[in-house]
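Take a look at the structure set out below.
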Amino acid sequence: MSAYAEYRVPERKKMDYLDTKGRIFDVQRYSIHDGPGIRTIVFLKGCVLRCRWCCNPESQEFRIQTMKVQGKDKIIGRDVTVREMIELVEKDRPYYYRSGGGLTLSGGECLCQPEFSRDLLRAAKERGIHTAIESMACAPYEHIEMLLPYLDMYLMDIKHTNPAKHKEFTGRSNERMMENARKTALSGKTDLIIRVPVIPTFNDTVEEIQGIAGFASTLPGVKKIHLLPYHRLGQDKYDGLGREYFLDGILPPSNEKMETLKKAVHAVCGLDCQIGG
Amino acid sequence: MFHTTDIPKSSRITRLVDNLYAKMPEIESARAKLITESYQATEGMPIITRRAEAFAHILRHIPIIIRDEELIVGSSTLAPRGCQTFPEYSFQWLEDELDTVETRNADPFYIAEETKKELREVHKYWRGKTTSELATSYMAPEAIRAIDHNIFTPGNYFYNGVGHVTVKYEEVLAIGYEGIIAKARAELNKCQVGDGDYARKSHFLNAVILSCQAVIEYAQRYAMLADEMASQCSDPVRKQELYVIAENCRRVPAKGASSFYEACQSFWFVQQLLQVESSGHSISPGRFDQYMYPYYKKDMENGNLSREFAQELLDCIWVKLNDLNKVRDAASAEGFAGYSLFQNLIVGGQNKDGEDVTNDLSIMCIQASMHVHLPMPSLSVRVWNGSPHEFLIKAAELTRTGIGLPAYYNDEVIIPALQNRGATLEEARGYNIIGCVEPQVPGKTDGWHDAAFFNMCRPLELVFANGEDRGEMVGLPTGDVTKMTTFHEFYDAYKKQMEYCISLMVNADNAIDVAHAERCPLPFLSSMVDDCIGRGISVQEGGAVYNFTGPQGFGVANMADSLYAIRKLVYEEKKVSMEEYKEALIWNFGKGFDQQTITEMTTDLLKKMQAEGKPVDEKTVSSILNAVMNMKPTPEKKARYEEIHNLIDEVPKFGNDIPDVDYFARDVAYTYSRPMEKYKNPRGGQFQAGLYPVSANVPLGGQTGATPDGRYAHTPVADGVSPSAGNDVNGPTAAATSVSRLDHFICSNGTLFNQKFHPSALSGREGLEKFVALIRSYFDQKGMHMQFNVVSRETLLDAQEHPENYKHLVVRVAGYSALFTTLSRSLQDDIIRRTEQGF
């Protein structure tokens, strides 16, 4: 965690929250699958998990790195201020206004840079822009708590209920995330939606999906669960980073399979289940 | 209130469509023969009389046919999707291309040997008598030179009729041609033989009467044919259908329609026969859902009509709109690729009081396009702040099918834009779209909307060559570009070349305009446009209430990016000298000369030698060709040109929501739209700019050298007001915001903004919602028009490889939809290359 230290600003040092710095690797406008309406996604750099299926492997390390993209070296990661980002986010306001959209923080994992995340969400909130994060909740609960006053929607990844299997495929066990999910739900401060990446060989059996759905349905206030089918769009990036892709040869789940899993969710709980974000 | 639920497609429609596309379209000679016969018999008579006589002669004798299972009848050719020819406008190109038209790349037509013979025979009569020949003799030599040098192309109306009009369909539906004849008679009765305009007016009104009578007779021929076919038909169901068809044709369009079915048949005769009188395309049905609605409503209330049958009739009309066709010269066919007639039909929007008038038929028109899934009509949707949400969702569902329809138009921009051109508020609220994207007041406008393609890149080339092009003085001598010391001076030179070239284009357009008035006035069309009957003159002579000429400029994005790059790199950052920039353009940024450049340079050198009286034999040709082919920059220079290209790449580009660049682009667009406004046309109206290229951005890009925005020589230029392909890297919202920063109000002849989406961007109800929100947001920012290609890149690539599997694949090309597999390879490539949005 020390890598993040230089961006942790001590509370006592009074400064404009718009000057808070963070490290991002991409901004995507007109995102339509990550929260309500048309959204701008800010992708933060750095994550504590190493999910084998991760479609943004260049997001995992906090350090700025180089990736080969179509034969050319591309610098991944840059340092920005909240002020710069909110100006960019403001640009699509006409589209948020018509669609009920807004800002989504993704990554990487935004909880790894809690001050920056908090301040960026705050800036959006103060301007009346809807806020969301896409996060797997693997962080001290205090970091989540910091964000909650400014967070309209939490799209929380729950990947598996089995701690051992979770650890095997992501590098960490899942106890803290499950606990954070419950605490977040209990706080009642944000609209919590559970998202499940459906990964063949990892969690794509009816029993596994039902296990997650069953857990999600016990979280107070949670009404929705999204099943996100595995895709291979990130595969080339592993090559670009000189890394091995462990899921080589695995096909995305078929539409029929996804429908079966959706029915399986409905069989065990009353949650509204949708395929895709 | 209106219904939005799906109405199932009748199996008849599938069969009608299959029959329509069973064969390659064919050229027929009946009309050409008949008009020649008539003209030979009427030599020396007033032209308006000759036109009416010829129209009547054609309608009395042209072969007629009722196709299997049709409910709406009236075909201009025996062959499905066939076409007649119009030698009175031009014939030389057809004569030259008779043997190649079947095998050419864009829009091929089958033609029988017998037909070729007949056409060659009639063409003899027309030499020296066509509108195109007269137009040429009216043009200034410098305008002709500019055309030869591809600065602009007025080819559309030079070779063909004008079209581009919406007539008063509602009047024909209400009172029939008997009613219109009565109006003309009443006007005639008011004329006194001593009136100054008696000769002209009386002949015009008599021509109107004769034309309308001919149409009534034509419908009677169909009534008789239907009766005859019914009497021989063994299938009782079809027999009954044929009797009803006969009954319809006996009543309409002679009389006002008494039912929805009659209204449909009446509409069709108007639509078809306007396209027999003249070869002008973009005969646009306009607000079909509005003028047809009273008949629908009455029949529904009386219980005489089911929604299913009404839908089937609409579907039949949709099929018929694809049955009409037109052969163009090979070069124009590239520019208008896709056999398109641009019959624009628009639904939704406001009435004259500003109330939303979306109705059942608005929805059913969208449904009809879903059912037939064909390029015609060019379906358009009017959007305003009060548009019902479910109406737009239904439209978005059609977009999702990938047919490239509908196009979306913004009332909030178009209404004030038309008011700015003199329409009243009430008239402007009733606007419709002509052809691709051109707004106008229906029933009283002669917009001449597609008057020319103007290549905004060419005047910049003239700046670099001090007014010269391929050894000839084409533009103005604006001075040595390398000696221009400020950006202001450089930009001024561009503006001067623009203004000069625009004046030449105006000259060419006006010459063609006069030629149409003198040689091809159209009495039938004029009977349905205000205020021709009252004024006693045809549309072509200025009979319409509103008269415009609307040539369209294209390459706005290229010019904005080019001028911006020069400002930055040469004048502000001084990273590149103007001399180097000029050389880099000549050497195509180090890429070397392509075949086209080599051929052009060789030809020019040879011409120069001949002009100087030097001998030119085969040996000289090959030695010059070799010399040109071997011309290469030094390796250091080549590297520098490539470096310049990289520097240009890094300069911000239009289409990425960068206000500085976008507002600069707005100013660049003014270099075209502002000078235009001061010019008048011979019909008493004014010029107005449009910014849309149909599909001409590909062939005309092929006539343009490398441009300072980094575009390589002879590659396509940007399409409409859209950013250059591949330059918009921040996604659809950024591109839309950039485009909205152009001044769309002043471009009252229309602007065109294309976006391409992968189908999953519209998946589910939520996808549709977000899509509609995107359109609304662009329109909030005062964009004028938006259209979409929804198809995957993989699909398009596969369609290129296996065209046989994609016979029905429709894509939005520019202002219209076309069958992908019928487009030329380069246009296909361009469509594929356009940035895919959303992922």
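With each label modelled as a point 7 angstrom along the Cα→C-beta vector, the A:Arg232-B:Met629 pair spans 4.5 nm. Going 7 Å from the Cα of B:Ser622 toward and past its Cβ, which residues in segment B:558-601 have a backbone nitrogen under 19 Å from where you end up? Output list for this probe position: B:599. Label point of B:Arg104 set 7 angstrom out along Cα-Cβ; within segment B:321-336, amide nitrogens under 19 Å from it belong to B:324-336. By the gyration tensor of its Cα atoms, with a ≥ b ≥ c the square roots of the eigenvalues, what is the shape of segment B:277-346: rounded for a/c under 1.5, prolate for a/b over b/c, or oblate? It comes out prolate by the Cα gyration axes.
Ranked by the mean number of other Cβ atoms within 10 Å of their residues, highest first, the peptides B:729-741, A:15-27, B:71-83 come out as B:729-741, B:71-83, A:15-27. Extension gain for B:Asp667 to B:Glu642 (0.36 nm times residue separation, less C-alpha to C-alpha distance): 6.1 nm. In this structure segment A:187-256 gives 48 Å² per residue of accessible area when probed at 1.4 Å with all protein chains present.
By the gyration tensor of its Cα atoms, with a ≥ b ≥ c the square roots of the eigenvalues, what is the shape of segment B:285-441: rounded for a/c under 1.5, prolate for a/b over b/c, or oblate?
On the way: a/c = 1.69, a/b = 1.07, b/c = 1.59.
Oblate, because a/c is 1.5 or more while a/b does not exceed b/c.
A crude spin-label estimate for the pair B:Lys614 and A:Lys183, with each label 7 Å from Cα along the Cβ direction, gives 8.8 nm. Between segment B:359-431 and segment B:43-107, the alpha-carbon centres lie 31 Å apart. At full extension, B:Gln92 and B:Asp492 could sit 139.9 nm farther apart than now, given 0.36 nm per residue minus the alpha carbon distance. Each part gets one Cα centre, and for segment A:154-199 versus segment B:716-751 those centres are 43 Å apart. For segment B:682-731, with all protein chains in place and a probe radius of 1.4 Å, 50% of the accessible heavy-atom surface sits on carbon or sulfur. Ignoring lysines fewer than eight residues from A:Lys165 along the same chain, none have Cα atoms less than 17 angstrom from its Cα.
Give the carbon-plus-sulfur fraction of the accessible surface of segment A:19-275 in %, rounded to a whole number; probe 1.4 Å, heavy atoms of protein chains only. Here it works out to 49 percent. Placing R0 at 30 angstrom, the Cβ-Cβ distance between B:Gln192 and B:Glu217 gives a FRET efficiency of 0.45 after rounding to 0.05.
The 3J(HN,Hα) values that the Karplus relation (6.51, -1.76, 1.60; θ = phi - 60°) gives for segment A:107-119 are, in residue order, x, x, 10, 5, 6, 6, 10, x, 5, 4, 4, 4, 6 Hz. Gly and Pro appear as x. Summary of the geometry: segment B:158-199 and segment B:507-521, compared by the centres of their Cα atoms, lie 21 Å apart. What is the helix-to-structure angle for B:11-20, meaning the angle in degrees between its Cα long axis and the longest Cα principal axis of chain B, kept from 0 to 90 and rounded to the nearest 10? Relative to chain B, helix B:11-20 is tipped by roughly 60 degrees. Loop-located trypsin sites (Lys or Arg not before Pro) in segment B:331-416 (DSSP state not H, G, I, E or B) with no more than 13 neighbouring Cβ atoms inside 10 Å: B:Lys352. Length gained on full extension, B:Ser137 to B:Ala199: 19.6 nm, using 0.36 nm per residue less the C-alpha separation.
Classify segment A:19-275 as rounded, prolate or oblate from the Cα gyration tensor: take a ≥ b ≥ c as the square roots of its eigenvalues, call it rounded if a/c is under 1.5, otherwise prolate when a/b beats b/c and oblate if not. Taking the square roots of the gyration eigenvalues as a ≥ b ≥ c, segment A:19-275 is oblate. Placing unit charges on the Cβ atoms of the charged side chains and taking the dipole of chain A about its Cα centre, the candidate lying farthest along the positive direction among A:Asn180, A:Ser106, A:Met85 is A:Met85. For the pair B:Glu301 and B:Asp649, label points projected 7 Å from Cα toward Cβ lie 6.7 nm apart.
Per residue of peptide B:729-741, the mean number of Cβ atoms on other chains within 10 Å of the residue Cβ is 4.
The value given for the protein assembly as shown is a Kirkwood hydrodynamic radius of 32.1 Å, derived from the mean inverse Cα-Cα separation.
Summing both sides, the accessible surface hidden between B and A at a 1.4 Å probe radius is close to 1600 Å². Can you tell me which lysines have their Cα less than 21 Å from the Cα of A:Lys263? Leave out same-chain residues fewer than eight positions away. Partners within reach: A:Lys159, A:Lys223, A:Lys224. What the Cβ-Cβ distance of B:Glu178 and B:Gln40 gives, at R0 = 35 Å and to the nearest 0.05, is a FRET efficiency of 0.65. Using every pair of separate Cα atoms, the Kirkwood estimate puts the hydrodynamic radius of chain B at 27.7 angstrom.
For segment B:102-207, applying the loop criterion from DSSP together with a ceiling of 15 other beta carbons within 10 Å to the trypsin sites (Lys or Arg not before Pro) yields B:Arg104, B:Arg127, B:Lys129. Across chain B, the mean sequence separation of Cα contacts (distance under 8 Å, 6 or more residues apart), normalised by length, yields a relative contact order of 15 percent.
Within straight-line reach of B:Lys574, meaning a Cα separation under 28 Å, sit the following lysines at least 8 residues removed in sequence or on another chain: A:Lys72, A:Lys74, B:Lys483, B:Lys495, B:Lys496, B:Lys582, B:Lys591, B:Lys632, B:Lys637, B:Lys638, B:Lys653.
For chain B, the longest principal axis of the C-alpha atoms and the axis of helix B:635-650 are separated by about 50°.
The values are calculated or read from the model by the stated rules, or taken from the named source; none is laboratory data. What you are looking at is a predicted structure, and each value in this text was computed from that prediction instead of being measured. We place every Cβ from the backbone using ideal geometry, glycine too, and count neighbours over all the protein chains shown. Ligands, DNA and RNA are stripped out before the accessible areas are found, and what is left, the full protein with its side chains, is counted by its heavy atoms. Shrake-Rupley method; radii C 1.70, N 1.55, O 1.52, S 1.80 Å.
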